[in-house]
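I am attaching a structure below and will ask some questions about it afterwards.
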Amino acid sequence: MPAPMQADSVEELIDRWRSHLRRRQPLHAADVAELEDHLREQIASLMDAGLAADEAFLVAAKRIGNIDAISREFAREHSDRLWKQLVALPAPSGAPRPARTEAIVAICIAAAAALAFKLPAFFGVPFENAHAGFYIRHFGLFVLPLLVGYFAWKRHLDIGTAQWLALACVAAFVFANVYPFTPRGTTEWLTALHLPIALWLAVGIAYAGGRWNEVAGRLDFVRFSGELFVYYALGGALLTALTMSNLQVIGLEDAPVITDWVLPCGALGGLVIASWLIEARQSAIGNVAPVLMRLVTPLFVVLLATFLGGVLVTGRALGMNRDVLVSLNLLLVAVLCLVAFSVTARDADGRPGSPGVLHAVLVVTALLATGLALSATAARIAELGWSPNRAAALGENVILLVNFFWHTVLYVRFLRGRAAFAPLERWQTGYLPVYAGWAAAVVILFPPLFGYL
């Protein structure tokens, strides 16, 4: 381990960080002081965990999330090794796990998730059409509690928090099974859709370790979620397509082993492996996210603008049918994920520039589209009455409208130089429990409210 630096050297690093922040960011003195307090707390925690002072400064600076440029400057001065460790070092809540041990544990948990999917068949619930509802409701439960356990182990989570997360997983299992759902009914589908969303908050708390109450900890989880989606969806889709293509060539694409074992078990185990791979290669995150945002954001702006323009031209704002509303809501959820992920990918210098303006256009068009969806959903409720789908859509639209509205306000203030970016980070990451809370409400309340239809 490198020899620790002197205290005055640490103070010099912090002084340079402070000067850089004041030059590049429109922050008030009080905001700088608050960020400095967080920085010093992170440095102290990391040094207590055994890091040298210069390493602790670099990691703490990255977690504060405002000084990538000065981090690169110090990386050049101190060595490539420090820069590679910048975002790959573990949280300060315990000693790091050996890489080989983590790989073995991840592979074992992936295998456990795959076997969990096959376990019901041993109790008379085979994977077939007659039991499709059961497997749909439990698909997230086969893997997400195991992923919570993996991160709880990796982050050395304290016993109290681990117990609460275990209780949340047990509650999810109970509400997936306690109600007499109508087979393939609406409330059963809503439960299957919303249960993983509620459980994903438990994954986030475990992933953040003891840093969930910090903005930096929640930002790390949002960044991880975005990376996981990209690697899992794109990589999984490519692997599945190649596998099925090869099997088709040799005439085995319809073999029961493929549909009963390879695809479902691979999908569950692959989520764990993808999570482990992201953890093992975290240093690439800071490069992938900004590039991804610059590529995808314009596409969503064009898509939303085209939709809004079409609605205005046809005059069918309140007359949208069910399928159009479902498609619009799915699009808005995708935009929400993009907006949340983009918060973790902003320019390190804090200067908005053209990508920042494009992001503002995206959020404003999303806000207008959400208002349109909310009006159309309310009109359908007034005309046709309440149903589980309409109630769920209405609640989703309200939550999205509030999020996009305040995000727009904070982002416009940032673009005009009247506020820092930190309030926007706090808002977007602090809003995460709202999504999970609504998802939990749908799972717990909707089946009895709507007669398990």
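The values are calculated or read from the model by the stated rules, or taken from the named source; none is laboratory data. Because the structure is predicted, anything quoted here is derived from the model rather than measured. A quick note on method: Cβ atoms are made from the backbone with ideal geometry, for glycine too, and the neighbour counts reach across all protein chains shown.
Going by the conditions given, is Ala162 more than 14 Å from Val443 (Cα to Cα), part of a helix (DSSP H, G or I), in contact with a helix residue (DSSP H, G or I) (Cβ under 7 Å, 6 or more places away or on another chain) and not charged (D, E, K, R)? Talk me through it step by step, then tell me what you get.
Details: more than 14 Å from Val443 (Cα to Cα): yes; part of a helix (DSSP H, G or I): yes; in contact with a helix residue (DSSP H, G or I) (Cβ under 7 Å, 6 or more places away or on another chain): yes; not charged (D, E, K, R): yes.
Judged against the criteria, Ala162 is a match.
Assuming Ala378 fulfils every condition listed in (1) closer than 30 Å to Pro423 by Cα; (2) small (Gly, Ala, Ser); (3) modelled with pLDDT of 90 or more apart from one, which condition is it?
(1)
Looking at region 222-247 only, could you name the residues that are modelled with pLDDT of 85 or more and exposed (fewer than 15 other Cβ atoms within 10 Å of the Cβ)?
Listed by number, the list holds a single entry, Phe229.
Go through Leu432, Leu415, Leu424 for me and flag whichever is assigned by TED's automatic domain parsing to the domain that holds Leu362 and closer than 24 Å to Ala216 by Cβ. Full working, then the answer.
On the way: Leu432 fails: assigned by TED's automatic domain parsing to the domain that holds Leu362; Leu424 fails: assigned by TED's automatic domain parsing to the domain that holds Leu362.
Answer to the selection: Leu415.
Moving to a separate point now. Report yes if Ala171 is outside the structural domain of Ser387 (by TED's automatic domain parsing) and modelled with pLDDT of 95 or more, otherwise no.
Numbers: outside the structural domain of Ser387 (by TED's automatic domain parsing): yes; modelled with pLDDT of 95 or more: yes.
Spelling it out, Ala171 is indeed outside the structural domain of Ser387 (by TED's automatic domain parsing) and modelled with pLDDT of 95 or more.
Could I ask something else about it? If you scan region 216-228, which residues turn out to be closer than 27 Å to Ala172 by Cβ and in contact with a helix residue (DSSP H, G or I) (Cβ under 7 Å, 6 or more places away or on another chain)? Walk me through it before giving the result.
To start, the set of residues in region 216-228 that are closer than 27 Å to Ala172 by Cβ comprises 217-228.
Answer for region 216-228, where residues must be closer than 27 Å to Ala172 by Cβ and in contact with a helix residue (DSSP H, G or I) (Cβ under 7 Å, 6 or more places away or on another chain): Gly217, Arg218, Leu219, Asp220, Phe221, Val222, Arg223, Phe224, Gly226, Glu227, Leu228.
One residue is enough: does region 146-158 have a residue meeting the conditions surrounded by 20 or more Cβ atoms within 10 Å (Cβ to Cβ), in contact with a Gly (Cβ under 8 Å, 6 or more places away or on another chain), of a type in the set (Asp, Glu) and more than 20 Å from Ala110 (Cβ to Cβ)?
No, region 146-158 contains no residue that is surrounded by 20 or more Cβ atoms within 10 Å (Cβ to Cβ), in contact with a Gly (Cβ under 8 Å, 6 or more places away or on another chain), of a type in the set (Asp, Glu) and more than 20 Å from Ala110 (Cβ to Cβ).
Related question: Looking for something more than 20 Å from the chain's Cα centre (by Cα), surrounded by fewer than 16 Cβ atoms within 10 Å (Cβ to Cβ) and either among the basic types (Lys, Arg) or more than 29 Å from Gly133 (Cα to Cα) (or both) - is there at least one such residue anywhere in region 213-221?
For region 213-221, residues more than 20 Å from the chain's Cα centre (by Cα), surrounded by fewer than 16 Cβ atoms within 10 Å (Cβ to Cβ) and either among the basic types (Lys, Arg) or more than 29 Å from Gly133 (Cα to Cα) (or both): absent.
Of all residues in region 188-202, which are among the aliphatic types (A, V, I, L, M) and surrounded by 23 or more Cβ atoms within 10 Å (Cβ to Cβ)? Write out each step before concluding.
Residues of region 188-202 that are among the aliphatic types (A, V, I, L, M), as a first pass: 190, 192-193, 195, 197-199, 201-202.
Result: Leu195, Ala198, Leu199, Ala202.
Sticking with this one: Output the residue which, of all residues in region 401-441 that are closer than 18 Å to Val215 by Cα, surrounded by 19 or more Cβ atoms within 10 Å (Cβ to Cβ) and among the aromatic types (Phe, Trp, Tyr), is modelled with the lowest pLDDT.
Per the criteria, the residue is Phe421.
If I filter region 125-139 down to residues being in contact with a helix residue (DSSP H, G or I) (Cβ under 6 Å, 6 or more places away or on another chain) and farther than 13 Å from Leu190 by Cα, which single residue comes out as surrounded by the fewest Cβ atoms within 10 Å (Cβ to Cβ)?
Checked region 125-139; the qualifying residue surrounded by the fewest Cβ atoms within 10 Å (Cβ to Cβ) is Val125.
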